[in-house]
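The values are calculated or read from the model by the stated rules, or taken from the named source; none is laboratory data. Not measured: the values here are computed from a predicted model. Neighbour counts run over all protein chains shown; Cβ positions are idealised from the backbone, glycine included.
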Amino acid sequence: MDASSNIARAYSFADLSRYSFKERFLIRSADLVFYLLIKIIGKTVKFQIEGWENWEAATRADQLPIYTVWHDRVFLATYFFRRRGIVVMTSQSFDGEYIARFIQRLGYGAARGSSTRGATGAVIEMVRLMRAGCPTEFMIDGPRGPRYEAKMGSVLLAKKTGFPILPFTITPKTFWEAKSWDRTQIPKPFTHAQLIIAPPISVAPDADAAELAAKRNELQQTLDALNKRGEEWRADL
């Protein structure tokens, strides 16, 4: 498959013919509900941004960022970074189908796979898409946790592509907490939120296992520190 075909596949809705009529209806319904929920609530949120110079550093001189965030911040992360062509890994499952569709409506691409199903193929696809000019994103403790435990996905992608990891977090002042493994934070309308972007993390193309583990630990510590700063910001309001 050539680069243009890979790109078209990432940004196009998947064929749902393998699903039953009921499943197709549920996928399309969930797709629209989540799309509208993120778009409507997101428009009301007032953002405070720290570290934008780090985003500029990660996108300078034809660099493409590998956006990396905890899974529970996915709601506001999806809204804030919409319409940038960012490719996100989605699972080859019923849930993955509606997730892929609503993020595509928000200007994202979808690479099929997950850490439990088809991950290798999805990472390979993400490598190809980055080499074709598409930024990527990882919810780095997904898809099933453990919560706040960084996995290797973005580190391996950085090694394969030479592009930098860009850790960030978004902390809403007030939010509802979903009853899911990650306790997703759904911001309340008209709340304030703080976006903090850390300096980019680079991974050498010849990094060995020990260096990769050290970079994963660096990423873990960076995201932990971002969370702490976000919680302090919330407490001070």
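Below are the figures for this structure:
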| item | result |
| --- | --- |
| Odd one out for residue 92, checked against (1) surrounded by 15 or more Cβ atoms within 10 Å (Cβ to Cβ); (2) in contact (Cβ under 8 Å) with a residue 40 or more places away in the chain; (3) not hydrophobic (A, V, I, L, M, F, W, C) | (2) |
| Long-range neighbours under 6 Å by Cβ, at least six apart or interchain, first residue farther than 9 Å from residue 97 by Cα within the stretch 18-31, second surrounded by 15 or more Cβ atoms within 10 Å (Cβ to Cβ) and among the hydroxyl-bearing types (Ser, Thr, Tyr) | 30/98 |
| Single condition residue 145 does not satisfy, out of (1) modelled with pLDDT of 95 or more; (2) more than 16 Å from residue 88 (Cα to Cα) | (1) |
| Where residue 210 falls short, out of the listed (1) in contact (Cβ under 8 Å) with a residue 24 or more places away in the chain; (2) farther than 25 Å from residue 60 by Cβ; (3) in a helix (DSSP H, G or I) | (1) |
| Qualifying residue in the stretch 150-173 (condition: in contact with a helix residue (DSSP H, G or I) (Cβ under 8 Å, 6 or more places away or on another chain) and loosely packed, with under 14 Cβ neighbours inside 10 Å) | no |
| Subset tally (residues that are outside any strand (DSSP E or B), farther than 25 Å from residue 218 by Cα, of a type outside the set (Phe, Trp, Tyr) and touching a helix residue (DSSP H, G or I) at 6+ places or on another chain (Cβ under 6 Å)) for the stretch 179-200 | 1 |
| Filter result for residue 133 (at pLDDT 90 or above and over 21 Å from residue 76 (Cα atoms)) | yes |
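Each row is one residue, and each column tells you yes or no for (1) of a type outside the set (D, E, K, R); (2) touching a Phe, Trp or Tyr at 6+ places or on another chain (Cβ under 8 Å).
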residue: 9; (1), (2): no, no
residue: 17; (1), (2): yes, no
residue: 22; (1), (2): no, no
residue: 51; (1), (2): yes, yes
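Yes/no matrix, rows are residues, columns are (1) over 26 Å from residue 220 (Cβ atoms); (2) out of contact with any strand residue (DSSP E or B) (no Cβ under 7 Å at 6 or more places or on another chain); (3) modelled with pLDDT under 95:
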| position | (1), (2), (3) |
| --- | --- |
| 56 | no, yes, no |
| 62 | yes, yes, yes |
| 67 | no, no, no |
| 73 | no, no, no |
| 83 | yes, yes, no |
| 89 | no, no, yes |
| 99 | no, no, yes |
| 109 | yes, no, no |
| 116 | no, yes, yes |
